[in-house]
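Before any comments, here is the structure.
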């Protein structure tokens, strides 16, 4: 009976039965009861193995189906997560693209009355005067080798770090230095009547009045708010030889040969007719009088501007209500073309004025309280407006660094 059980087990996949010779020859005789009991146990074991095998075979398809369902659920969840991530990235890309497009779209293009209106707004707001002082123009950072807080190739945030911990000339003092250096460069010695074309709130006019106390200084601007503010500041400083009025520089009301010195600091950018701008200043300048002009210029148009350069220039024109820029050589051509001027010289002051663009941002970062106060008073739109100014200043800085833009200086003497 044991042999039959082992044979049955073998049939179900067990190892083949071993038939030792001792089992055949030397095993002691067993009782009938013992033999029967052993045989019954083997048969039961074989039957149990057959049942267990059947149950296992029946379980496998069910377990496989459950595993497949679980995998499908996991795959669906993963697909949803990936889909959500892709959708989120897509939305972020669209939002970023829209924000970039908004920053790249100029908001203050040139038009009739746009220059005077823009400067009226800036003067009333007070932010420019608070941070820039009396001079709404670039500063001079000579000697440049001492300006350890500035490197023109620095990325934006590294530049902020360097400026914060390095040496950089005082922002407002740099503007005063620029004005005095421009006076020295003009070759003027003792003018009696001085015209400041595009005077802003009169910072340069007042310095001219102090440098030449015997002279009468007149500043003209398109902005009534600027003219009013300039007059108040002159009165506060006790200057009686400086006055201001609203007038169009392209249609000046003065007689020919009126002024011994004609001064124009960063006003040519806003002139829709650069040639007439030069001609009008030349007309009112007296013989042997000095003309000196500082203005932002674009590079010479040879080689031709790339599409990207043209896009940048179009932004720089229209964001701060400039009709267009011209090259420094074109200005010189216009000056010589009047046939009224001699000793026409030009100079590139880009390097010494470069730090001013980013410094204009840093002063607001280091002391944010005033513009934050304006933001709280005027609402979130004011904050967005300040971000635009930062973006624009950085655009100008990069354009000056790349050579797309140039800080141009011109001087001449009337024949």
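Any read-out appearing in this document is the output of simple, stated calculations on the displayed coordinates, not a laboratory observation. Everything numeric in this text was worked out from a predicted model, so none of it was measured. Cβ coordinates were reconstructed from backbone atoms using ideal geometry, including for glycine residues, and neighbour counts include every protein chain displayed.
Relative to the present Cα-Cα distance, how much length would full extension add between residue 314 and residue 339 at 0.36 nm per residue of separation? Full extension from residue 314 to residue 339 adds 5.8 nm.
For residue 157 and residue 214, the difference between the fully extended length at 0.36 nm per residue and the C-alpha to C-alpha distance is 15.8 nm. Taking 0.36 nm per residue of sequence separation and removing the Cα-Cα distance, the residue 184/residue 394 pair yields an extension gain of 72.6 nm. Placing R0 at 41 angstrom, the Cβ-Cβ distance between residue 76 and residue 104 gives a FRET efficiency of 0.50 after rounding to 0.05. Compared with the dominant Cα axis of the chain, that is its longest principal axis, helix 369-378 is turned about 80°.
When 399, 267, 367, 327 are arranged by Cβ crowding within 10 Å, least crowded first, meaning fewest neighbours, the order is 367, 327, 399, 267.
Estimated purely from DSSP H runs of n ≥ 4, each contributing -39500 (n - 2.57), the mean residue ellipticity at 222 nm for the chain is -19000 deg cm²/dmol once divided by its residues.
Its Kirkwood hydrodynamic radius, worked out from the mean inverse distance over all distinct Cα pairs, puts the chain at 27.2 Å. The order of the peptides 80-92, 157-169 by mean Cβ neighbours within 10 Å, most packed first, is 157-169, 80-92. Once both labels are positioned 7 Å from their Cα atoms along Cα-to-Cβ, the gap between residue 148 and residue 402 label points is 3.2 nm. Using a Gaussian network model on the chain with a 10 Å cutoff between Cα atoms, which of 139, 379, 289 fluctuates the most? Judging by the Gaussian network model, the answer is 379. Beta bridges assigned by DSSP with both partners in the chain are antiparallel in approximately 45 percent of cases.
The spacing between the stretch 186-229 and the stretch 277-347, judged by their C-alpha centroids, is 21 Å. Each part reduced to its alpha carbon centroid, the stretch 54-131 and the stretch 232-276 end up 51 Å apart. Each of residue 91 and residue 130 was given a label point 7 Å from its Cα along the Cα-to-Cβ line. The distance between the two points is 3.6 nm.
Between the Cα long axis of helix 307-319 and the first principal axis of the chain there is an angle of about 60°, rounded to the nearest 10.
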